[in-house]
Amino acid sequence: MIDMDVVALSRLQFALTAMYHFLFVPLTLGLSLIMAIMESVYVMTGRDIWRRMTLFWGTLFGINFAMGVATGIVMEFQFGMNWSYYSHYVGDIFGAPLAIEGLMAFFLEATFIGLFFFGWDRLSKLGHLTVTWLVALGANFSALWILIANGWMQYPVGATFNPDTMRMEIEDFIAVIFNPVAQAKFVHTVSAGYVTGAIFVMSVSAYFLLRGRHQAMARRSMAVASSFGLAAALSVVVLGDESGYVTTEHQKMKIAAMEGMWHTEDAPAPFTVFALPDQDSQSNRYEVQVPFALGLIATRSFSRELPGIIDLVDRAEDQVRSGLVGYQALLDLRADSENDAARELLAEHWADLGYALLLKRYREDILEASDEEIAQAALDTVPHIAPIFWSFRLMVALGFYFIAFFALAFWLSSRGAFERNRWFLHVALWSLPLPWLAVELGWFVAEYGRQPWIIEGVLPTFYAVSDLSVWDLVLTIAGFVTFYTLLAIVDVWLLLRYVRKGPSEPEPQQGSAATGNGPQGPGLRHATAAYKE
Amino acid sequence: MELIPLDYPTLRLIWWLLLGVLLIGFAVMDGFDLGTGTLLPFVARTDDERRIVVNTVGPVWEGNQVWLILGGGAIFAAWPPLYAVSFSGFYLAMFLLLAALILRPVGFKFRSKVGDSRWRTFWDWGLFVGGAVPALITGVAVGNVLLGVPFYFSDDLRPFYDGGLLGLLNPFALLCGLVSLSMLILHGATWLSFKTEAPVAERARRYGSFAALATLALFALAGLAVAYWVEGYVLVSQVVQDGPSNPLRKEVATVVGGWLSNYDAYPWMLTGPILGFGGVALAGLLLLVRRPLLAFFASALGIFGIISTAGLSLFPFLLPSSQDPRSSLTVWDASSSPMTLWVMLIATLFFMPIILAYTAWVYRIIAGKVTTRDLDSNVNAY
């Protein structure tokens, strides 16, 4: 039997390390593009201020990027370390996008990031601009392949179960790449990264304007960020809707959980704005609903029904029983690999095999499972509703806030009216944490909402863990938490230090900012000279 | 299946070679900056000297480290059972490796951002740990692979592991760890003596010469241990090269000196150890006669030889099991499906030349020795 404490701790560790890594990724995605845009303006206009802006945002980018790289290595190794049965069971499909991510994206990004910092004096203007764009391109390609891998966990297309190797194997690689879930998630996620980058630039620039420092650069930075951010914020919500639509198609339980929809509603279903979902009584209290809205958003039709949680549990119970037939066939096949009848039976039922594996939580010999255990396994397919229901609503609310924020910013920017509206600068400054809150909520809705599955309908999360002890996990979680907390403190402290220091200004105006106890220490002896050119 | 022009055994063999290419790529490319990190506190005395050392790898270490990332990804994609068993089996060792590797990106980036000397000294030692510990651990891991690792599979092919961190720290594995460490110190020393001027280059040259001697002695010692002490593994059932990737369908026996049997059967494999000894010795000599660039290539050749020796000795084993030898992973029963191997081969053949081309271009752009002038002229220097 699998130790459920090890499962809980493994999940905790993955959530901690993934959500921590995801603090740095969105800013890398967004800021790399914003820098590329700024440097493009520099190359096109030849105005030095745009180069200094690129350098300044580049310094902050570099500090953030180092943390992303440091925490990203952990992600790739962790599948094997903590989820070894997962790695065996789906490595044939899941490993490929990760490896291609390395080949196509991360190599590009990581090789050129060095030149971004070290190539200013060694490359032509156009050469350096190309390098910057390649870094941004690499970061975005990287997100593409990671989300293809993740999309397959949500909607495992193009693969089939092979009883001889006891694992899922690829049948159609093209289907894995063009997985509709992956594509919708990709654009939704990178757009969220762009919003994060744009808010970051808005917020830091607002800080300068409020202090009356570096106004020229801050205004220009805000102009770039507000238009870029508006496009991104619109894209996040539109593609979030697309993401919801494909979720309706392929992860019915997740959408029902996000909506707290216990019963199948007559089409088109209402949208629940507010409710307190109660898992035990399988109902909501204090519901406030908008008629028809959910049905229209989720199915884009007036007539298609959305199945409720209770109906989905009934379906799951049938699938557990079907999966057990497949499991029996699998055992017969293992005893005699020439047993063609068993092979055929398994081919019919393998798609439900994962549902039968849900019973492994209750007994090793799942063929002996009682009706109560089967009913319980079916009930296990329901995730915890309330956290998903509320995380989703908060994320959506933030999405709409970003649209309003950037629409206003765009309008103010086009009128050159930032400094006359100091209240807006305060709003921009204090909006800084919001995109991070939104992306973490998004991660939570997507991954927690997939439970109890690690691969939707194919492999239960608890069954995917490694053969580790509780102490192994306690040690590593304690290690990661300590290490990551210290790094976070240092990282934020350094970012603040460099924000306060601000961009370099041409001499002599802001010369004092770059001398004295400048953070570069001895390195800055001639640094100001390098800025002048 | 008919879409794939290569048969399953050929694909498996190609991916065994590619696994070697990636591991050697990691050791050669990331190896010199691991070695540079290890040498940092010793070859540089003043802050400017330390910054010079850090900045020799500053522009390239991120790209180099992708060889490790790609190696991990390729093992996952092409050899899923190997990835599943080794990464979970070596759990705490992997955690130490990760912790050490995390110190590198932040160490490089953060070190020179603050002028305080205690801050800088702290990150210098962080970079030392981030260089020496991964070099040591990867070698210890290879040593344990040669000894066999205590794991087995259930009928569902769920891997179980019956050893802890301390079991990994046995004398033979530590010996292999020292081979790896000294080899990468040599490699880092050749890099430093090429990329810096005196006095750093001179100190690096001295450390490098010692490291070459140490590598030769340790590698020879490991060879003797493998011949007279370590139990090698041999397939005793009929070898099925195109069967499904199910490790439980074979029989395996152990015999002292068994890892040398390949060299009897295929004498050409002796090129592995010959290049290992030859490359390292040549690198040491070239350092002595002050030809650091050639020494760098010779040491890369030595790394190629030493890692090939490990791979060729093990063949066709990837990860033998000391607890249940038939659970051992081999080239013939631990791969992905033919389709995945094929798709990944296409991707590798397409992207690898592009990667090599732009990597070469980057190295050309940053060519030249790193001096204090570079530190002063580039605001982004570490």
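Placing a label point 7 Å from the Cα of residue A:292 along the Cα-to-Cβ direction, the residues of the range A:235-271 whose backbone N falls under 16 Å from that point are A:266-271.
Average projected area of the Cα convex hull of the range A:1-159, in nm²? Result: 10.5 nm². Potential lengthening of the chain between residue A:420 and residue A:3 amounts to 144.0 nm, from the contour at 0.36 nm per residue minus the alpha-carbon distance. Within the shell defined by Cβ-Cβ distances under 14 Å, the residues around residue A:439 carry a net charge of -1, with Lys and Arg each +1 and Asp and Glu each -1. Just to be sure I understand the curve: with the Debye formula and one point per C-alpha of the range A:149-232, what is log10 I(q)/I(0) at q = 0.12, 0.14, 0.15, 0.17 Å⁻¹? Normalising to I(0) and taking log10 leaves -0.55, -0.62, -0.65, -0.73. For the protein assembly as shown, a Kirkwood hydrodynamic radius built from all Cα pairs, placed in the Stokes-Einstein relation at 10 °C and 1.306 mPa s, yields a translational diffusion coefficient of 55 µm²/s. The alpha carbons of the range A:309-446 stretch over 80, 31, 24 Å along the principal axes, in descending order.
The three principal axes of the C-alpha atoms in the range A:84-161 carry coordinate ranges of 55, 20, 13 Å, sorted with the longest axis first. Taking every alpha-carbon pair within chain A, the share separated by more than 30 Å comes to 55 percent.
If R0 equals 22 Å, the separation of the Cβ atoms of residue B:210 and residue B:125 corresponds to a calculated FRET efficiency of about 0.55. Applying Stokes-Einstein at 4 °C and 1.567 mPa s to the Kirkwood radius of the range A:121-198, computed over alpha-carbon pairs, gives a translational diffusion coefficient of 88 µm² s⁻¹. Residues considered: B:213, B:349, B:127. Largest GNM mean-square fluctuation over chain B, using C-alpha springs under 10 Å, is found at B:349.
Under Stokes-Einstein, with the Kirkwood radius over Cα pairs as Rh, the value for the range A:194-253 at 37 °C and 0.692 mPa s is 252 µm²/s. Axis of helix A:48-82 versus longest Cα principal axis of chain A: the two differ by about 20°, to the nearest ten degrees. The fraction of all Cα pairs in the range B:202-292 landing in successive 5 Å bins from 0 to the largest distance is 3, 12, 15, 15, 14, 12, 10, 8, 5, 5, 2, 0, given as whole percents. Can you work out the FRET efficiency for the pair residue A:273 and residue B:197, with r the C-beta to C-beta distance and R0 = 56 Å, to the nearest 0.05? FRET efficiency, residue A:273 to residue B:197: 0.20. Phi angles of the range A:117-125 translate, via the Karplus equation with coefficients 6.51, -1.76, 1.60 and θ = phi - 60°, into HN-Hα couplings of 7, 9, x, 3, 8, 9, 10, 5, 3 Hz per residue; Gly and Pro are given as x. Phi angles across the range B:267-277 convert, under the Karplus curve 6.51 cos²θ - 1.76 cosθ + 1.60 with θ = phi - 60°, into 3J(HN,Hα) values of x, 4, 5, 4, 4, x, x, 4, 5, x, 5 Hz, Gly and Pro given as x.
If you wrap the Cα atoms of the range B:76-197 in a convex hull and average its projected area over all directions, you get 10.1 nm². Largest mean-square fluctuation among B:155, B:33, B:324, in a Gaussian network model of chain B whose springs join Cα atoms under 10 Å apart, belongs to B:155. Note on B:107-118: average number of Cβ atoms from other chains within 10 Å of each residue's Cβ is 5. The modelled label-to-label distance for the pair residue A:318/residue A:238, using points 7 Å beyond Cα in the direction of Cβ, is 3.9 nm. Result for chain B in a Gaussian network model with C-alpha springs under 10 Å: among B:331, B:57, B:114, the largest mean-square fluctuation is at B:114. When a/c reaches 1.5 or more, the comparison of a/b and b/c decides; with that in mind, is the range B:8-377 rounded, prolate or oblate per its Cα gyration tensor? Since a/c reaches 1.5 and a/b is larger than b/c, the shape of the range B:8-377 is classed as prolate.
Heavy-atom accessible surface of the range B:8-377, averaged per residue, reaches 35 Å², computed with a 1.4 Å probe. With a simple spin-label model that places each label point 7 Å from the Cα along the Cα-to-Cβ direction, the separation between residue B:170 and residue B:118 comes to 4.5 nm. For the residues of A:486-493, the average number of beta carbons from a partner chain within 10 Å of their own beta carbon is 2.
One quarter of the surface of the convex hull around the alpha-carbon atoms of the range A:371-511 equals 14.6 nm², the direction-averaged projected area.
Interface A-B: total buried accessible area of about 7800 Å², 1.4 Å probe, protein heavy atoms only.
Any lysines with Cα under 27 Å of the residue B:109 Cα? List them, leaving off those in the same chain fewer than 8 positions away. Correct list for residue B:109: A:125, A:501, A:532, B:195, B:369. If a paramagnetic tag sat 7 Å from the Cα of residue A:478 along the Cα-Cβ line, which residues of the range A:61-92 would have the backbone N under 20 Å from that point? Taking a point 7 Å out along Cα→Cβ of residue A:478, the residues of the range A:61-92 whose backbone N falls under 20 Å are A:82.
Between residue A:394 and residue A:379, residue separation times 0.36 nm minus the direct Cα-Cα distance comes to 2.7 nm. Here the label points at residue B:228 and residue B:323, each 7 Å from Cα along the C-beta direction, are separated by 3.2 nm in the simple model.
Placing a label point 7 Å from the Cα of residue A:303 along the Cα-to-Cβ direction, the residues of the range A:259-288 whose backbone N falls under 14 Å from that point are A:267-268. Between the beta carbons of residue A:486 and residue B:357, assuming R0 = 41 Å, the FRET efficiency works out to 0.55 to the nearest 0.05. When a 1.4 Å probe is rolled over the protein heavy atoms, the share of accessible surface on the protein assembly as shown that falls to carbon and sulfur comes to 66 percent. Inter-chain Cβ neighbour count for B:55-68, averaged per residue, equals 5 (cutoff 10 Å, partner chain atoms only). Here the 3J(HN,Hα) profile of the range B:188-196, calculated from phi with Karplus coefficients 6.51, -1.76 and 1.60 at θ = phi - 60°, is x, 5, 5, 4, 5, 6, 7, 8, 10 Hz, Gly and Pro shown as x.
The values are calculated or read from the model by the stated rules, or taken from the named source; none is laboratory data. A quick note: this is a predicted structure, and the numbers were derived from the prediction, not measured. Neighbour counts are summed over all protein chains in view; Cβ atoms, including those assigned to glycine, are modelled from backbone coordinates with ideal geometry. Calculation scope for accessible area: heavy atoms of the full protein, side chains included, ligands and nucleic acids excluded. Shrake-Rupley method; radii C 1.70, N 1.55, O 1.52, S 1.80 Å.
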